[in-house]
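Each remark here refers to the structure printed beneath this line.
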Amino acid sequence: MQRADVQRADVQRDFVRQIIRDDLASGKHTAIRTRFPPEPNGYLHIGHAKAICLNFGIAREFGGWCNLRLDDTNPGKEDPEFVAGIKDDVRWLGYDWHELRHASDYFEVFYRAALKLIEDGKAYVDDLSADEVREYRGTLTSPGRNSPYRDRSVAENLDLFRRMRAGEFADGSKTLRAKIDMAAGNINLRDPALYRIRKVAHQNTGDAWPIYPMYDFAHALSDAMEGITHSLCTLEFEDHRPLYDWCVDNVDLAAHPALWQPVVDAGLEAKPAKPRQIEFSRLNLSYCITSKRKLAQLVNEKLVDGWDDPRMNTLRGLRRRGFTPAGLRLLIERLGISKQNSVIDYAILEGCIREDLDATAPRRMAVLDPLRLVIANLPEGHEETLAFANHPKDEGFGTRQVSFSRELWIERDDFAEVPPKGFHRLKPDGEVRLRGVGIVKCEEVVKDADGNVVELRCTLDPESRQGMPGADRKVKGTIHWVSAAHGVAAEVRVYDRLFSVPAPDDESDGKSWIEHINPDAKRVVRAWLEPAAAGAGPEQRFQFERLGYFVADRVDHRADAPVFNRTVTLRDTWAKQGG
RNA sequence: UGGGAGAUCGUCUAAUGGUAGGACAACAGACUCUGACUCUGUUUAUCUAGGUUCGAAUCCUAGUCUCCCAGCCA
């Protein structure tokens, strides 16, 4: 265990860690076991980061372990493509699992457990159709009625269930239901389905099974099978907890080894125990959607360029956008864990990413919207090489050589013919420092026939050059530049938030969530890069000074055809005050 | 009289009958060859009404508001 994690475990005082500390102190548990149990029916998104960091993070902090378990009980919706993606994303976030498991590893256990419940008179085979079940269930405010099949004999139930398993019945014609209480206020207890018939091939078990267990049954028993001590899940499962406990307690795997012998025979470690489910509030972020269905719709309707489109708040999208695992972990740590539902401002996430990147990203210069600047008092063809620090605060980043010449590209924004109040950059007859060079004065503004500024002619004050006595002369502004003769042309994808409103799901303004998509979330520009940026490897991150953080696109970038994505801008108090 | 959960600075989150604290944001200033970073300072909160108590965010009573639940999804 890392020292930092030990400290963190001590510092983080959320209610989940509190419970765990108490359980350790009281001797209820001597080791902590958690699990992250996604269903492989889509890619992981920003919301999952919270569950991942919580489960894997807690296991690491307390010296326990965390399993990655694919909750694959609904074949047809699930896909090995997503399994691979999930594994990849969890590792990218910085975590590794004790064991990779699948709910399908326990299919035989679930089946035997169901048989046991039937023998104990706690489950029965029901012939009601889906519609009829709904009708019999009652409503939120009125109790349900018992199914006419509820009192079948144990022998009949056993026979029927075995024949369900044998594939004798059609999809939907029968279910196995827990016999609990049709009048329960908690609807989950009104004889919930344990098994349904679904003759669909499963990604792992093929067509070995015509019946598949339901979530509540499979999930509870999977946790028990793996000896999970603390089963952490989101708030909407709060009223499933009584059913969760019912399944664990009534099956009682620990006392019935015969039920899970098949798992032992398969060579899997099994020490069934009694898990405790604890619920916490999910992560909601403004300007984001975290519905798997909607995320899939964006991809399928080609509103974005795939699951890893940098505008997507999937983990893959965030990764391609240049967000860092450490930044994401910082966000989760900062938010804490509680049971209050909340929406986190997207700016908090951006802040966390900036904080990480500021410390870890080397600096480079790039010009996204070029304007030619000629230094008239330098000889034609003048060229020199200047040494630049790669990081202003950390010498460990070293230095690099940057070519400087008579003709430069500067940012069009950094010149104003009619400067607004408080403008610190270049203006006619004004002075500004060229980063790492010296102070230039704008002597002439060259325009084309339409009156557009096409070139600035400046003079460089030789006394203000680095190493000269006038080098520390104060000027208001410093701007960045790229030598026109040396700059490398690059495609830069300037990304912004995918949605233009804080709550895209809120359609009370009469617009659908699709109509809330920000059409300017992706802007592609042709930019000039200093060569030391262009030559980066895929996924290498930089701060382009004064612009923001950028990452070499992990799929499209090549040194001879650079492609960078804007991860996030720098904080800009000038723009914010309306300058 | 369905069941379950939750209400603390703008936002997240602590305080478990004993000084309402932290982080982020905001604002002001300092610094600055990045209008970044950093540093300093400031502002701002216990859902309401009663009650118990020397003392209540915390306990009690009554209310208000918000979220979740009627898949053979997870």
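Which members of segment A:212-226 meet the condition of being open to solvent by less than 10 Å² (accessible area, probe 1.4 Å) and either in contact (Cβ under 8 Å) with a residue 60 or more places away in the chain or away from RNA strand B (no atom under 13 Å from the Cβ) (or both)? Correct list: A:Y212, A:P213, A:F217, A:A218, A:H219, A:L221, A:S222, A:D223, A:A224, A:M225.
In the set (1) among the small types (G, A, S); (2) part of a helix (DSSP H, G or I); (3) more than 16 Å from RNA strand B (Cβ to nearest atom), A:A296 fails one condition alone, (3). Taking first residues from segment A:55-84 that are farther than 30 Å from A:A31 by Cα and partners that are open to solvent by 60 Å² or more (accessible area, probe 1.4 Å) and among the charged types (D, E, K, R), the Cβ contacts under 9 Å between residues at least 6 apart in sequence or on separate chains come to A:N74/A:R198; A:P75/A:R198; A:G76/A:R198. Those strands (runs of 3 or more DSSP E) of segment A:306-422 in which 3 or more residues are modelled with pLDDT under 95 are absent. Specify the residue that is farthest from the chain's Cα centre (by Cα); the eligible residues are those in segment A:397-412 that are under 19 Å from A:K447 (Cα atoms) and among the hydrophobic types (A, V, I, L, M, F, W, C). Filtering first and then ranking leaves A:L408.
Taken over segment A:453-498, the criterion of being surrounded by 15 or more Cβ atoms within 10 Å (Cβ to Cβ), more than 22 Å from A:V525 (Cβ to Cβ) and more than 10 Å from RNA strand B (Cβ to nearest atom) is satisfied by A:R457, A:C458, A:T459, A:L460, A:D461. Considering segment A:535-573, and only residues there that are of a type in the set (A, V, I, L, M, F, W, C) and without any contact (Cβ under 8 Å) to a residue 40 or more places away in the chain, the residue that is surrounded by the fewest Cβ atoms within 10 Å (Cβ to Cβ) turns out to be A:A559.
Run down A:R354, A:R400 and say which single residue is touching a Lys or Arg at 6+ places or on another chain (Cβ under 9 Å) and near RNA strand B (Cβ under 7 Å from one of its atoms). Steps first, answer last, please.
Details: A:R400 fails: near RNA strand B (Cβ under 7 Å from one of its atoms).
Residue meeting the stated conditions: A:R354.
If you filter segment A:208-229 down to residues that are touching a Gly at 6+ places or on another chain (Cβ under 9 Å) and not hydrophobic (A, V, I, L, M, F, W, C), you find that the one that is nearest to A:W260 (Cα to Cα) is A:T229. Evaluating A:A489 against the criteria (1) among the aliphatic types (A, V, I, L, M); (2) part of a strand (DSSP E or B); (3) closer than 30 Å to A:R293 by Cα leaves one unmet condition, (3). Every condition in (1) modelled with pLDDT under 95; (2) closer than 27 Å to A:D345 by Cβ; (3) buried (at least 20 other Cβ atoms within 10 Å of the Cβ) is met by A:R13 except one, and the failing one is (3).
Being of a type in the set (D, E) and without any contact (Cβ under 8 Å) to a residue 12 or more places away in the chain, is that true of even one residue in segment A:515-525? Write out each step before concluding.
So the first thing to find is which residues in segment A:515-525 are of a type in the set (D, E), and the list is A:515, A:520.
From what's left, without any contact (Cβ under 8 Å) to a residue 12 or more places away in the chain: A:515.
Yes: one or more hits.
Going through (1) free of Cβ contacts under 8 Å to residues at least 24 places away in the same chain; (2) out of contact with any helix residue (DSSP H, G or I) (no Cβ under 8 Å at 6 or more places or on another chain) one by one, A:R241 falls short only on (1).
Scoring A:K522 on the criteria (1) more than 16 Å from RNA strand B (Cβ to nearest atom); (2) loosely packed, with under 14 Cβ neighbours inside 10 Å leaves a single failure, condition (2). Every condition in (1) touching a helix residue (DSSP H, G or I) at 6+ places or on another chain (Cβ under 9 Å); (2) basic (K, R); (3) crowded, with 16+ Cβ neighbours inside 10 Å holds for A:K427 except the one numbered (1). If the condition is being within 11 Å of RNA strand B (Cβ to nearest atom) and open to solvent by less than 50 Å² (accessible area, probe 1.4 Å), then segment A:132-163 contributes A:V133, A:Y136, A:G138, A:S142, A:G144, A:S147.
For segment A:364-406, which positions are open to solvent by less than 10 Å² (accessible area, probe 1.4 Å) and closer than 30 Å to A:P325 by Cα?
Going residue by residue through segment A:364-406, those that are open to solvent by less than 10 Å² (accessible area, probe 1.4 Å) are A:365-367, A:371, A:373-375, A:402, A:404-405.
Scanning segment A:364-406 gives A:M365, A:A366, A:V367.
The strands (runs of 3 or more DSSP E) found wholly in segment A:203-283 and carrying at least 1 residues that are aliphatic (A, V, I, L, M) and closer than 24 Å to A:D22 by Cβ occupy A:230-234, A:276-280.
For segment A:185-211, a tally of residues being within 13 Å of RNA strand B (Cβ to nearest atom) and free of Cβ contacts under 8 Å to residues at least 24 places away in the same chain returns 1.
The values are calculated or read from the model by the stated rules, or taken from the named source; none is laboratory data. As the structure is a prediction and not an experimental result, all values here were calculated from the model. Ideal geometry is used to build each Cβ from the backbone, glycine not excepted, and the neighbour counts take in all protein chains shown. In case anyone asks, the SASA skips ligands and DNA or RNA and just uses the protein heavy atoms, side chains included. Shrake-Rupley method; radii C 1.70, N 1.55, O 1.52, S 1.80 Å.
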